[in-house]
Amino acid sequence: MPGSVVLIGPPRAMSRFYVTTPIYYVNDVPHLGTAYTTIVTDAVRRYHLLRGDETRMLTGTDEHGQKLEREALERGVPTAQFVREMSDRFEATWPKLEVQPSDFVRTTQARHESRVQDLWRIIEARGDLELGTYEGWYCVGCEEFKTEKDLLPGNLCPLHKTAVEQQKGETYFFKLAKYQQPLLDYYLAHPGFIEPESRRNEVVSFVSGGLKDLSVSRTNFTWGIPVPGNPKHVMYVWFDALANYWSVLQGDGDLEKFWTDATIVHFVGKDILRFHAVYWPAFLMSAGLPLPTKIFAHGFLTYGGQKMSKSLRNAVDPIGIAQAFGRVAGSDAAGADVVRYQLLRAIAFGQDGDFDLAAMVDRYNADLGKNLGNLLARTLGLCVKMTGGKVPAVGPTTPLEQDLLDAAGRELETAMHFWDTLAPHRALEDTLALCTAANVYVDRAAPWAEAKKGNTARVETILGTLLQVLECVSVIVWPVLPKKSDEMRAQLGLLPLVPKIGEDLWPRGLKPRAAGESLAPGSPLFPTIDEDGARALLVALTPATATATPTPTSTSTPTATATPTSTSITYDQFGTIDLRVGLIRTCERVPKKDKLLKLTVDLGEPEPRTIVAGLALSFQPEHLVGKKVIVVANLAPREFGKGLVSHGMLLATGPSEKLTLATVEGDVAPGAKLK
Ligand code: MSP
């Protein structure tokens, strides 16, 4: 057909693609940070579905370990019940973000536990497990031993900002040191095993620095998988957790299909790369099992410059954001598409990216509303006026069409390349570049002017060409915007995409369509948000989804916390603020800072905390010693220069020269939690 080039990709040999998210600790709730990993994984999996691969996506929850045992105890809930309830929240959340995993693993499932015990036995039979004793600084939040040089002043974990604990006891050691050279050889022989390259270099340098044998069992708690033959020990939570990727492959031939004969990609945050790129391959080498194809470490979604997480109290609820955008874009599912787009487009995959609601609104308007959405609306609007709402015939083309065909070929090819090389942000850039090229084309081809001249054939060629571009766009946005792809296709008079194994649906150019087929224009795909709408969205979302101000404006000036607000917060949001009783042990003035006092406050932790507070105009230091005050215990540390760092905030009221401290009477132990 004139004016079209052939567009279906060459037949592709079917390949298998197995992609995983980390399994999430259930002390946290799903938030935008964990949603980020999960959405990327789902989008990459959908891309492979489009390409005709046989795919599998795994996500799930990590439910053992000391952290979870303690958290359940603190909440007064039986541990099994606690982890189940929390896991259910994860399982229920992902489909609301249009994530469709093939399987959801819980590490407390019998199917997982028995396979991990098998793995233990295999590794033990290799002679790689040995009984000994360990001793060291342990961060329960990371579930990892830390060396002293890793720690912040006050023995704080740099990630969790909480005190590490000295732990010791009998343990099985995995002979990790033995795998130092095999790992280095493997990294050298498989340059794509760890990505991005900068992260790979970090791992290589860590392993080159020497590996110590790894403690892989514990006797100081019981919430874990019993060690075969020595049930006094439970397995170290990371030994148990890493095995999930392999343990779930129990269906008919699944292990052969998806562990020995598939491309296996583990997406992980940069915080847990070492576990995946060092320990996991060493366990697999020991067990004589194949290694995954790639470990890709992405960056953090930050808020106010800090990693988003419940323990840092700056988590944002992804469903809240999806619902808010859904109210504009037509449905909760449409809102989920918007969140997916925002996360994938805004963050260069592999790097950190800061959550910024105002930027999200701008990007929504510019990319989805004015570019993609407008291209569909204006093309269909013109078809209604000029071709009776039917697909027109494409006749002879001009250089204008040729430019667009060239641009389409280029953008489709590069977008595909960027999906293949795990750069979804770049793939979306090219997707949107194709929409821009088509919008420019409409302006240049000016079908309205041709219609005025009575040049029907030309009008039909222009609109027919645009419909072909839109069809391509509806395919290539599918990994990220599955709902909007369906909607777009319905308006274009096309059926929703149903990927099939062995059938490559990725377009390489524009595809001809039979003239006369009916179009079905509908509401705008992405109605733009005006200034009032944007303001309303920001007001509605900021307090309701962000569980705390990102960077506290002051950890030292008590009155700075008393920002009056009439917006209510949920119980869960309140629950994220860690209020504790603190006993003031010492207090002194800070030289050259007439408003500040430096206190050491006992929170029942191994060491009292240093807190710097703007109390000096109201109190004599010696009058505060011995008082029991209320401390916001989970604010990020704040620097005051010259090595002075504050690790919390005291609550008070009144003007700064006449403050009253919130204190606690009676027999309450330092560290008691306020609820
Ligand atoms: N349970 C372990 C993983 C075991 S995998 C065998 C764990 N869980 S976690 O819930 O703490 O974090 C898991 C992952 O969640 C991180 O590595 C990262 O992929 C993702 N993220 C958590 N917070 C995130 C951000 N703020 N930003 C980006 N990713 C986030 O570690």
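Residue by residue through the range 180-207, note down the ones that are within 14 Å of ARG274 (Cβ to Cβ) and open to solvent by 30 Å² or more (accessible area, probe 1.4 Å).
Across the range 180-207, the qualifying residues are GLN180, ARG199, ARG200, ASN201, GLU202, VAL204, SER205, PHE206.
Looking at the range 593-635, what strands (runs of 3 or more DSSP E) fall wholly within it and have at least 2 residues that are at pLDDT below 90?
It comes to 593-602.
If we scan the range 315-331, do we find a residue that is of a type outside the set (Phe, Trp, Tyr), closer than 30 Å to ARG126 by Cα and assigned to a helix (DSSP H, G or I)?
no
For (1) over 30 Å from PRO637 (Cβ atoms); (2) free of Cβ contacts under 8 Å to residues at least 40 places away in the same chain, each residue gets a yes or a no:
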position	(1), (2)
GLU69	no, no
VAL77	yes, yes
MET86	no, no
PHE90	no, no
TRP120	yes, no
GLU135	no, yes
ASP150	no, yes
TYR172	yes, no
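Among the residues of the range 259-277, how many are within 13 Å of the ligand (Cβ to nearest atom), part of a helix (DSSP H, G or I) and not small (Gly, Ala, Ser)?
Residues meeting the conditions: 7.
How many residues are open to solvent by less than 20 Å² (accessible area, probe 1.4 Å), touching a residue at least 40 places away in the same chain (Cβ under 8 Å) and farther than 13 Å from HIS647 by Cα when one looks only at the range 597-629?
Qualifying residue count for the region: 4.
Out of the residues in the range 279-299 that are of a type in the set (A, V, I, L, M) and under 22 Å from the mean Cα position of the chain (by Cα), which is nearest to the ligand (Cβ to nearest atom)?
Checking each candidate, the answer is ALA297.
Given the criteria hydrophobic (A, V, I, L, M, F, W, C), touching a strand residue (DSSP E or B) at 6+ places or on another chain (Cβ under 8 Å) and buried (at least 16 other Cβ atoms within 10 Å of the Cβ), does LEU412 qualify?
yes
Could you identify the single residue in GLY210, GLY169 that is of a type in the set (Gly, Ala, Ser) and in a strand (DSSP E or B)?
Sole residue among the options that is of a type in the set (Gly, Ala, Ser) and in a strand (DSSP E or B): GLY169.
Could you give every pair whose Cβ atoms fall below 8 Å, whose first residue belongs to the range 421-447 and is basic (Lys, Arg), and whose second residue is in a helix (DSSP H, G or I) and open to solvent by 20 Å² or more (accessible area, probe 1.4 Å), counting only separations of at least 6 or pairs across chains?
ARG426/THR414; ARG426/PHE418; ARG444/LEU400
Yes or no, residue by residue, for (1) out of contact with any helix residue (DSSP H, G or I) (no Cβ under 9 Å at 6 or more places or on another chain); (2) within 9 Å of the ligand (Cβ to nearest atom); (3) in a helix (DSSP H, G or I); (4) farther than 18 Å from ASP337 by Cα:
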{"residue": "ALA35", "(1), (2), (3), (4)": "no, yes, yes, no"}
{"residue": "THR38", "(1), (2), (3), (4)": "no, yes, yes, no"}
{"residue": "ALA43", "(1), (2), (3), (4)": "no, no, yes, no"}
{"residue": "ARG70", "(1), (2), (3), (4)": "yes, no, yes, yes"}
{"residue": "VAL77", "(1), (2), (3), (4)": "no, no, no, yes"}
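Looking only at the range 278-301, decide whether some residue is closer than 30 Å to LYS175 by Cα, open to solvent by 30 Å² or more (accessible area, probe 1.4 Å), hydroxyl-bearing (Ser, Thr, Tyr) and in a loop (DSSP other than H, G, I, E, B).
yes
Among the numbered criteria (1) away from the ligand (no atom under 12 Å from the Cβ); (2) among the polar types (S, T, N, Q); (3) under 18 Å from the mean Cα position of the chain (by Cα), which one does THR302 miss?
Condition not satisfied by THR302: (1).
Tell me which of these LEU382 doesn't satisfy, since it passes every other one: (1) more than 35 Å from the chain's Cα centre (by Cα); (2) surrounded by fewer than 18 Cβ atoms within 10 Å (Cβ to Cβ); (3) at negative phi.
For LEU382, the failing item is (2).
Sort through THR20, THR55 and tell me the only one that's polar (S, T, N, Q), closer than 30 Å to THR108 by Cβ and either within 16 Å of the ligand (Cβ to nearest atom) or modelled with pLDDT under 95 (or both).
THR20
Test PHE239 against the criterion of being away from the ligand (no atom under 11 Å from the Cβ), more than 22 Å from the chain's Cα centre (by Cα) and surrounded by 18 or more Cβ atoms within 10 Å (Cβ to Cβ), and give yes or no.
Taking the combined requirement at face value, the residue does not satisfy it.
Can you tell which of ALA348, ALA336 is in contact (Cβ under 8 Å) with a residue 40 or more places away in the chain, among the small types (Gly, Ala, Ser) and buried (at least 24 other Cβ atoms within 10 Å of the Cβ)?
Among ALA348, ALA336, only ALA336 is in contact (Cβ under 8 Å) with a residue 40 or more places away in the chain, among the small types (Gly, Ala, Ser) and buried (at least 24 other Cβ atoms within 10 Å of the Cβ).
With the requirement that a residue be surrounded by 14 or more Cβ atoms within 10 Å (Cβ to Cβ), part of a helix (DSSP H, G or I) and not acidic (Asp, Glu), what does the range 93-113 give you?
Hits for the range 93-113 are THR93, TRP94, LYS96, HIS112.
With the condition kept exactly as written, say whether any residue in the range 170-191 is of a type in the set (Gly, Ala, Ser), more than 16 Å from the ligand (Cβ to nearest atom) and at pLDDT 90 or above.
yes
Go through (1) more than 26 Å from the chain's Cα centre (by Cα); (2) assigned to a loop (DSSP other than H, G, I, E, B) one by one and return the number of the condition PRO191 breaks.
Exception for PRO191: condition (1).
Out of LEU494, LEU505, which single residue is open to solvent by 10 Å² or more (accessible area, probe 1.4 Å), touching a helix residue (DSSP H, G or I) at 6+ places or on another chain (Cβ under 6 Å) and under 26 Å from ASP403 (Cβ atoms)?
LEU505
The values are calculated or read from the model by the stated rules, or taken from the named source; none is laboratory data. Quick caveat, the model's predicted, so the values are computed rather than measured. Because the Cβ atoms are built from the backbone with ideal geometry, glycine has one as well, and the counts that use them run over all protein chains shown. For the accessible areas, the whole protein counts, side chains as well, though only heavy atoms, and no ligand, DNA or RNA atoms are used. Shrake-Rupley method; radii C 1.70, N 1.55, O 1.52, S 1.80 Å.
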